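One structure is given here, and the rest of the page talks about it.
The values are calculated or read from the model by the stated rules, or taken from the named source; none is laboratory data. Because the structure is a prediction, the values reported are computed rather than measured. Here the Cβ positions follow ideal geometry from the backbone for every residue, glycine too, while neighbour counts run over all protein chains shown. With ligands, DNA and RNA removed, areas are computed over all heavy atoms of the protein, side chains included. Shrake-Rupley method; radii C 1.70, N 1.55, O 1.52, S 1.80 Å.
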Amino acid sequence: MFPAETLPDGALFGPHHFLYPLYAMLFLAARKWDLHPRKEPVLVVASALLALFAWAHVWKYYPVFGATMALAGVCGTILGGLLTWRYGRRFQIAVVGLGLAALDDAVSHAFGVWTPLDHLWGVWWAIYHGERVPVVAESVRDPATALADLQSAVGESLPALPALPALGDLPTLLVAGAVRALARLPILAPHTALVPL
């Protein structure tokens, strides 16, 4: 069924990593707007506004059309970032990176598939705001145990990765290793549970 969620997470303006990258992208484009007369990043801004409009005003009432417009808008920002070369490489990298972050959330809500940033967001939310909060609060007296508990909770919450086909498939190995490494970063632990240096 498309979209997988008729209302993303039940709240369009909740803490979605679809919204924040697009807001940041609009801010970056506004800073570059008048640098080259009549050569503004129109595709980036128009696509970001289309995606935000679709998310905020259309998805709730017309889920198929809203999800399609949101996905098209985010893809337009990525395309605009790749084609807008006159503002420098940093602008391109920032726009494409923010577009990919927003696309991660849009794909997750539209198709109901596992996406890396959405999973990390869910792990972070569960650790800081879910059922694990009292466990962390009780074990703050022993920071080493609290950190080990958090790292094991993050490791257990990762989905089982499919069996790797062959050792010669280097891209698959690199992606699997990067996902496992990102999930075990100590950034996911609360600062009170970290071992002092």
Whether the stretch 58-122 is rounded, prolate or oblate, judged on the alpha carbon gyration tensor where a/c under 1.5 counts as rounded: oblate
Kirkwood estimate for the stretch 21-60, i.e. one over the average of 1/r between Cα atoms, Å: 10.8
Accessible heavy-atom area order of Asp118, Asp34, highest first, probe of 1.4 Å: Asp34, Asp118
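Counting Lys +1, Arg +1, Asp -1, Glu -1, what net charge surrounds His17 among other residues with beta carbon under 10 Å of its beta carbon? Numbers along the way, then the final one.
Values: positive: none; negative: Asp104, Asp105, Asp118.
Within the 10 Å Cβ shell, the charges total -3.
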Cα→Cβ-extended label distance, 7 Å offset, between Phe111 and Leu174, nm: 2.1
